[in-house]
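Notes to accompany the following structure.
The values are calculated or read from the model by the stated rules, or taken from the named source; none is laboratory data. Owing to the predicted nature of the structure, the values given are computational and were not obtained by experimental measurement. Backbone-built Cβ (ideal geometry, glycine too); neighbour counts: all protein chains shown.
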Amino acid sequence: MGVPTLACPCRVCHSNDPHDNRLRPSLLISRNGQNVVIDTTPDFRQQALRVGLDRVDAILLTHGHADHILGFDDIRPFNIRQRAALPVYSNEETFRIIRRVFAYVFDDKPTLSTVPSVALKLAVAPVQLLGIPFVPIPMQHGDMQVLGFRFGRAAYLTDFSSLPESSMALLQGLDELVLDALRDIPHPMHQTVDQALALIQRLKPRRAWFTHIAHDLPHAETNERLRRMGFPHVQLAYDGLQFEVQVDSNEDSDSESSDAKTFGASSGPRRLATFTSSQAWASRYATYAHTSVLAIGNFDGIHLGHQAVLRAAVDLAKSRNAVSTALTFDPSPRKVLRPESAPPRLSTNAQRMEWFNALGLEAAVVLPFTLDLARLAPEEFVQQILVRDLQVKIVLVGENFHFGHKQAGNVKLLKELGAKYGFEVVIIPPVEYRSEVVSSTIIRREVAEGDVSHAGRLLGRPFALTGEVVRGTGTGRKFTFPTLNLAAEQELLAARGVYITRTLFDGEKCSRRSVTNIGIRPTFNGSALSVETHLLDFQGSETPKRIEVRFWKRLREEKKFSGPEELRAQIARDIASANKFFSRLRHSRAIRQLA
């Protein structure tokens with residue numbers, strides 16, 4: 001609870017000794033200008049301000065109790081300053097608590113304000129940070145599994161009641177040991193002073209420090225007691241304590257090690273930051289004098305043409321040290337202005353955000369398209385959104401880009417406004433595939449007609465449907481083959497028929513071979529349109545909650561059969577065709593790799 005403890009009249013809580021003022025325990029390990037933090041306590045902000053912490057490269061969490069995680073939201077300023085997600089290491093039990101307590105961080109919904117940007121990584125083996133291994137030490141905190149950490153010739157073991165023998169072996173040869181010693185009175189989840197001293201006698205560190213100390217233990221008096229007991233090398237830790245940690249030469253990894261580069265600002269693709277207003281973008285980036293390289297468009301489907309615009313934005317942003325940003329709209333402007341003629345969308349907003357992230361964009365602003373926004377004159381749109389809020393330096397658009405009230409603005413006007421307000425305009429020419437200009441209109445037509453193979457070539461990846469798995473009629477499992485029934489979130493479905501597909505379960509990285517039928521089940525006199533997927537190589541019994549179905553090739557139209565037996569025979573032929581297709585695909589890929 002920290003010392004002084006709220007509403008406590010005891011002499012330690014009213015002590016004049018500054019060492020008796022104790023924030024919640026946390027640790028900062030620094031090396032070569034990089035920093036690792038163990039535990040984001042409720043006092044994390046205060047602790048970071050006290051030491052002038054200006055960057056964090058990784059966070060380790062010992063466990064999920066409130067006094068060790070409630071400062072988690074204060075990661076945000078480091079995300080903003082470093083413009084990168086932070087890796088967070090712990091065990092699965094801690095991550096379950098983090099996901100529950102900070103649900104808004106992980107629901108991937110656009111927000112009006114910033115949220116911490118993190119990558120949760122299980123610490124089940126040594127992790128290379130600061131160029132050295134950080135070794136997780138499994139411990140018991142009552143009946144809760146928690147972690148300590150060893151780094152170099154030091155170890156940090158807060159909040160535990162017992163250590164398994166297997167962990168003892170990881171703690172030999174220590175110079176510095178920081179360990180739990182709550183008080184003298186026994187506690188079911190913590191060590192007492194005597195228990196901590198017994199452990200010190202077994203591990204024999206050169207020096208030991210007690211942490212997670214309750215207000216039962218006065219700092220000066222307890223240190224004197226330890227000295228008289230024959231433990232002059234054991235003391236109570238205190239806020240602001242610093243000591244150097246030696247690193248064995250065999251632990252010091254080369255600066256070119258790939259493991260040593262697995263965290264911090266240089267660690268792979270950033271997690272996309274999403275905003276529902278340009279002002280929210282400004283509060284995160286403009287506050288720190290960041291500028292943007294901006295790609296503007298509807299980006300429905302993120303096809304090859306869109307990808308050319310977005311990749312150019314990413315490349316230009318890197319060269320200018322700016323924030324690569326996509327500016328788009330939801331719903332589409334046409335849905336609001338001319339709903340009767342608005343085409344069905346190829347992709348959901350969630351899919352667009354996923355593909356923005358995959359292309360390396362740093363941020364996306366998804367403006368709710370309203371009549372008020374539609375009434376902005378072209379120059380008002382540029383001045384208020386692009387210049388004032390998004391601090392734009394370069395704008396990238398396609399040749400047919402229009403903007404502002406009644407679509408009065410075009411690329412010519414945009415260039416004139418760029419010259420006036422000090423930003424560059426880059427016009428990306430159309431992308432052609434086999435002499436055909438790639439467009440969302442053509443892709444919609446191909447999908448609607450069932451030519452998903454051609455649509456996939458123009459998209460640069462298979463057309464995909466996503467959604468929850470819902471309960472079906474049970475007909476397939478009873479009469480033919482078991483299927484997963486998808487409640488598709490997309491506005492546009494492929495034409496009725498049977499398709500070769502691959503199906504991805506939510507939370508997994510590898511998709512599974514499948515055959516998918518889009519139709520009304522005419523053999524069983526169905527009337528409602530459904531999307532049913534049969535997995536070819538799945539032996540599990542658990543039904544996923546969400547799936548993504550990726551369409552590779554159409555096998556045939558949907559047709560009515562004489563009964564279940566004829567339908568079952570046809571589905572068996574469809575499955576054989578799908579297996580043959582995937583075998584040929586695998587063979588052709590192997591040949592290309594050999595070549």
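Checked against (1) of a type in the set (Gly, Ala, Ser); (2) out of contact with any Ser or Thr (no Cβ under 6 Å at 6 or more places or on another chain); (3) buried (at least 16 other Cβ atoms within 10 Å of the Cβ), Ala85 passes all but a single condition, namely (2). Here Pro368, Pro333, Pro343, Pro339 are screened, and the one residue that is under 29 Å from Glu436 (Cα atoms) and surrounded by fewer than 16 Cβ atoms within 10 Å (Cβ to Cβ) is Pro339. For the range 296-325, the candidate set comprises residues that are within 22 Å of the chain's Cα centre (by Cα) and among the β-branched types (Val, Ile, Thr); within that set, the residue that is surrounded by the most Cβ atoms within 10 Å (Cβ to Cβ) is Thr325.
Could you please let me know if Tyr421 is in contact with a Phe, Trp or Tyr (Cβ under 9 Å, 6 or more places away or on another chain) and modelled with pLDDT of 95 or more?
Judged against the criteria, Tyr421 is not a match.
Given the criterion outside the structural domain of Trp281 (by TED's automatic domain parsing) and in contact with a helix residue (DSSP H, G or I) (Cβ under 7 Å, 6 or more places away or on another chain), identify the matching residue among Ile394, Ile443, Ile427. Ile443 is the lone residue from the list that is outside the structural domain of Trp281 (by TED's automatic domain parsing) and in contact with a helix residue (DSSP H, G or I) (Cβ under 7 Å, 6 or more places away or on another chain). Per the listing Leu163, Leu217, Leu226, Leu179, the residue uniquely out of contact with any Asp or Glu (no Cβ under 8 Å at 6 or more places or on another chain), closer than 27 Å to Ile69 by Cβ and either among the aromatic types (Phe, Trp, Tyr) or surrounded by fewer than 22 Cβ atoms within 10 Å (Cβ to Cβ) (or both) is Leu163. Being within 26 Å of Ser511 (Cβ to Cβ) and β-branched (Val, Ile, Thr) is a description that applies to Val470. Are any of the residues in the range 207-218 outside any loop (DSSP other than H, G, I, E, B), polar (S, T, N, Q), in contact (Cβ under 8 Å) with a residue 24 or more places away in the chain and closer than 15 Å to Ala154 by Cβ? Yes, the range 207-218 contains at least one residue that is outside any loop (DSSP other than H, G, I, E, B), polar (S, T, N, Q), in contact (Cβ under 8 Å) with a residue 24 or more places away in the chain and closer than 15 Å to Ala154 by Cβ. Apart from one condition, Ala154 fits all of (1) within 24 Å of Leu86 (Cβ to Cβ); (2) in contact with a Leu (Cβ under 6 Å, 6 or more places away or on another chain); (3) of a type in the set (A, V, I, L, M, F, W, C); the exception is (2). Checking Asp57 against (1) charged (D, E, K, R); (2) surrounded by fewer than 17 Cβ atoms within 10 Å (Cβ to Cβ); (3) farther than 27 Å from His215 by Cβ, only one condition comes out false. Which one? Condition not satisfied by Asp57: (2).
Beta carbons closer than 7 Å, at least 6 apart along the sequence or on distinct chains, pair a first residue in the range 506-520 that is in contact (Cβ under 8 Å) with a residue 40 or more places away in the chain with a second that is surrounded by fewer than 19 Cβ atoms within 10 Å (Cβ to Cβ) and in a strand (DSSP E or B) for Asp506/Arg546; Ile518/Gly497.
Condition check: in a strand (DSSP E or B), surrounded by 15 or more Cβ atoms within 10 Å (Cβ to Cβ) and under 19 Å from the mean Cα position of the chain (by Cα). Does Val146 satisfy that? No, not satisfied. Is it the case that some residue within the range 89-107 is part of a strand (DSSP E or B), within 19 Å of the chain's Cα centre (by Cα) and aliphatic (A, V, I, L, M)? No, the range 89-107 contains no residue that is part of a strand (DSSP E or B), within 19 Å of the chain's Cα centre (by Cα) and aliphatic (A, V, I, L, M). Scanning the range 149-180 for residues that are part of a loop (DSSP other than H, G, I, E, B), free of Cβ contacts under 8 Å to residues at least 40 places away in the same chain and over 31 Å from the mean Cα position of the chain (by Cα) turns up Ser161, Leu163, Pro164, Gln172, Gly173, Leu174. Here Ala265 meets the list (1) modelled with pLDDT of 90 or more; (2) surrounded by fewer than 17 Cβ atoms within 10 Å (Cβ to Cβ); (3) not in a loop (DSSP other than H, G, I, E, B) almost entirely, failing just condition (1). Considering the conditions (1) free of Cβ contacts under 8 Å to residues at least 12 places away in the same chain; (2) in contact with a strand residue (DSSP E or B) (Cβ under 6 Å, 6 or more places away or on another chain); (3) aliphatic (A, V, I, L, M), Ala342 is excluded by exactly one of them, (2). Annotation note: of Ala317, Ala350, Ala312, Ala322, the sole residue that is under 17 Å from Ile427 (Cβ atoms), among the small types (Gly, Ala, Ser) and out of contact with any helix residue (DSSP H, G or I) (no Cβ under 7 Å at 6 or more places or on another chain) is Ala312.
Here Asp194 passes the criteria (1) farther than 16 Å from Tyr238 by Cα; (2) assigned to a helix (DSSP H, G or I); (3) more than 36 Å from the chain's Cα centre (by Cα); (4) touching a residue at least 12 places away in the same chain (Cβ under 8 Å) except the one numbered (4).
Of all the residues in the range 161-175, those that are closer than 17 Å to Val193 by Cα and out of contact with any Leu (no Cβ under 8 Å at 6 or more places or on another chain) number 2.
The residues of the range 357-380 that are within 19 Å of Ala282 (Cβ to Cβ) and of a type in the set (A, V, I, L, M, F, W, C), listed by number, are Leu361, Ala363, Ala364, Val365, Val366, Leu367, Leu373, Leu376.
For the range 515-542, the tally of residues that are more than 19 Å from His454 (Cα to Cα) and either at pLDDT 85 or above or not assigned by TED's automatic domain parsing to the domain that holds Lys580 (or both) stands at 9.
Being over 22 Å from Thr348 (Cα atoms), assigned to a helix (DSSP H, G or I), at pLDDT 95 or above and not aliphatic (A, V, I, L, M): is that true of Glu416 here? So Glu416 fits the description; yes. One residue stands out in the range 71-88 among those that are under 13 Å from the mean Cα position of the chain (by Cα) and not in a helix (DSSP H, G or I): the one that is farthest from Val323 (Cα to Cα), namely Val88.
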